[in-house]
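S.K.: Quick one: structure below, then a few questions.
The numbers here are math on the coordinates, done by the rules we state, and not lab data. Keep in mind that what you see is a predicted model, and the values were worked out from it rather than measured. As a convention, Cβ positions derive from the backbone with ideal geometry for all residues, glycine included, and neighbour counts pool all protein chains shown.
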Amino acid sequence: GIAHHATGFWNRNEESSVKYHNKMNSLMNKGTEVIFVKVDSHTGDLFNELADEKCKEELSIESENAVYSYLRDNTITVVNAEVKSKLKTLAKDRIDNIITLDGSVDFEEEASNSEIIDNNTIKEDINKVIAINEYEDVLYKDLAFYLKKLPLEKQIDVLNYAEYLYNKERKLNQ
């Protein structure tokens, strides 16, 4: 759909579609090579919604705020503070619901936050997300070891799926 809107193959009835068409044509007319990649959005899959919102953000197109809504009652675990910082604009005031797997802290956030976060607190938060059982430490070490072997995109997929399973199990036990 995005390629059809951008190239003018489809009619543009909504203001956001007109803006998108104009922005994309401006970029392409300036010599920017644009490659369209299909992303299934609006499927309820958090990763797809996140990708959709980040793309819209780059083009100054208003989004449905699915990530922000998700963070109202849930957390997202990311590999480090660098990834977390890229999600700040989507998370808005719910940035604290994004947890870094490696325990790193965003320095801007740290400067504005007078609390001192120690490693024990971070490890407790990580363990709550990963697994709550007698093998927490072993699971954490194994997961960290295997995650580091994957490309960043796959790490995010694995963590989102683990979070989905954790939340599903938690809902069943309530």
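S.K.: Considering only Cα-Cα distances, which of the following residue pairs are longer than 20 Å: Lys92/Lys149; Lys88/Lys168; Lys56/Lys84; Lys92/Lys171; Lys54/Lys92? Present the calculation step by step, with values, prior to reporting the outcome.
M.R.: Numbers: Lys92/Lys149 31 Å; Lys88/Lys168 25 Å; Lys56/Lys84 18 Å; Lys92/Lys171 26 Å; Lys54/Lys92 13 Å.
In this structure, Lys92/Lys149; Lys88/Lys168; Lys92/Lys171 lie more than 20 Å apart at Cα.
S.K.: Once you place label points 7 Å from the Cα toward the Cβ at Asp93 and Asn13, how far apart are they in nm?
M.R.: A separation of 3.6 nm, rounded to one decimal place.
S.K.: Let me ask something else about it. Taking the mean number of other Cβ atoms within 10 Å as a proxy for protection, how do you rank 64-70, 92-98 from highest to lowest?
M.R.: My ranking of the peptides, most packed first, is 64-70, 92-98.
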